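Single-structure report; data block below.
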């Protein structure tokens, strides 16, 4: 068993246990999010690891050279020393230039980064609060068109960070951001493919960015967007999406309401967005499928999309893992981040 030195103390790691899990097991409070080596929220620095390995996979060469590691991916076989990476320039400032209410429980933040942020529409960034908590939020903006980055924040039950962003953060405030990350974005070589998009809640945010990117590139295939939530009031971009379907002949939009007791009228589909999508699209061979939102929906929809003929490499998934899910299952298999 390896010894992990951290802040002057030593902690014994169990066999095949990561640095992150060892420290958490000893009740050490350190930032983390996806637990899968994707979000980079648990980045630390070690003078014991220099050469590229699983512990620093996905990091820039310049960071690897300085000893950066991902604590969730580092499983030491011998003694190792680690420390916080807060003192290093891994976060950058961004100013809140606009804040709008999109619905009763979703707000829109537009940020202007202090440094150039290179990203693809549909990726996500990490955001750090003043007390060190880190959450990830998808980008709804289009880099070739917008001079800001756009986030959609849903007020989550008991969500400390979402409540802070929704209630307290205001225009002119400075936030700390990191990224961008993620592999859920539009590829220009897929211009002729049909696209099926399924989102729940603010899983719509990355899909809006991807949709705008596809349309800006003159996408020729059909695009079907299914957005689902409990009530019609939660379909926070319903009007904008209906207008887009009038502008683009190859775009179809399906607003879905799952609460059977809600009085939502005939302009909405009743039931789950994924159920409607797979009922209408039984043959997905050659299609690109984008799935964003609740982990339960994304996991089941990944399987169903494959069963309906979609090539696994053309299924792009972005599950929004909340803090509560992280704590209940640290080995969640969907490689994504948390958002609360």
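Only the coordinates and a few stated rules stand behind these numbers; no lab work does. Keep in mind that what you see is a predicted model, and the values were worked out from it rather than measured. So basically every Cβ, Gly included, is an ideal-geometry build from the backbone, and we count neighbours across all protein chains shown.
Among 299-312, 65-78, how do they line up by average Cβ neighbours within 10 Å per residue, starting with the highest?
The most tightly packed comes first, giving 65-78, 299-312.
At what distance in angstrom do the alpha carbon centres of region 14-73 and region 206-241 lie from each other?
36
Over 19 Å apart: what share of the alpha carbon pairs of region 92-181 falls there, rounded to a whole percent?
Of the Cα pairs, 31 percent sit more than 19 Å apart.
Using r as the Cβ-Cβ distance of residue 250 and residue 118, and R0 as 30 Å, what FRET efficiency do you calculate, to the nearest 0.05?
Computed FRET efficiency for residue 250 and residue 118 comes out at 0.55.
With springs only between Cα atoms under 10 Å, which of 219, 227, 84 fluctuates most in a Gaussian network model of the chain?
Of the options given, 84 has the highest mean-square fluctuation.
How far apart, in nm, are the 7 Å Cα→Cβ label points at residue 296 and residue 160?
Taking the two extended label points, one gets 2.6 nm.
Between residue 17 and residue 148, what is 0.36 nm times their sequence separation minus the Cα-Cα distance? Round to one decimal in nm.
Value of the extension gain: 43.1 nm.
Hey, how much of the P(r) for the chain falls beyond 40 Å, as a percent of Cα pairs?
Values: 8240 of 57630 pairs.
Across the chain, Cα pairs with separations above 40 Å total 14 percent.
Test of understanding: in a Gaussian network model of the chain with alpha carbons linked when under 10 Å, which of 229, 131, 61 would top the mean-square fluctuation ranking?
Answer for the Gaussian network model of the chain: 131.
Between 142, 109, 24, which gets the highest mean-square fluctuation from a Gaussian network model of the chain, Cα cutoff 10 Å?
Of 142, 109, 24, the most mobile in the Gaussian network model is 24.
Ratio to report: Rg/Rh of region 188-321, with Cα atoms as the point set and Rh obtained by the Kirkwood method; give two decimals.
Dividing the radius of gyration by the Kirkwood radius yields 0.94.
Which value in nm describes the separation of the simple spin-label points at residue 217 and residue 104, placed 7 Å from the Cα toward the beta carbon?
Label at residue 217, label at residue 104, 3.9 nm between them.
Give me the one-decimal nm value for the distance between modelled label points at residue 9 and residue 28, 7 Å along each residue's Cα-to-Cβ direction.
Going by the 7 Å Cα→Cβ label model, 0.8 nm.
Taking N as the number of residues in region 3-84, what value does Rg over Cα atoms divided by 2.2 N^0.38 Å take?
0.97
Taking 0.36 nm per residue of separation and subtracting the Cα-Cα distance, what length does fully extending residue 65 through residue 84 add?
5.2 nm
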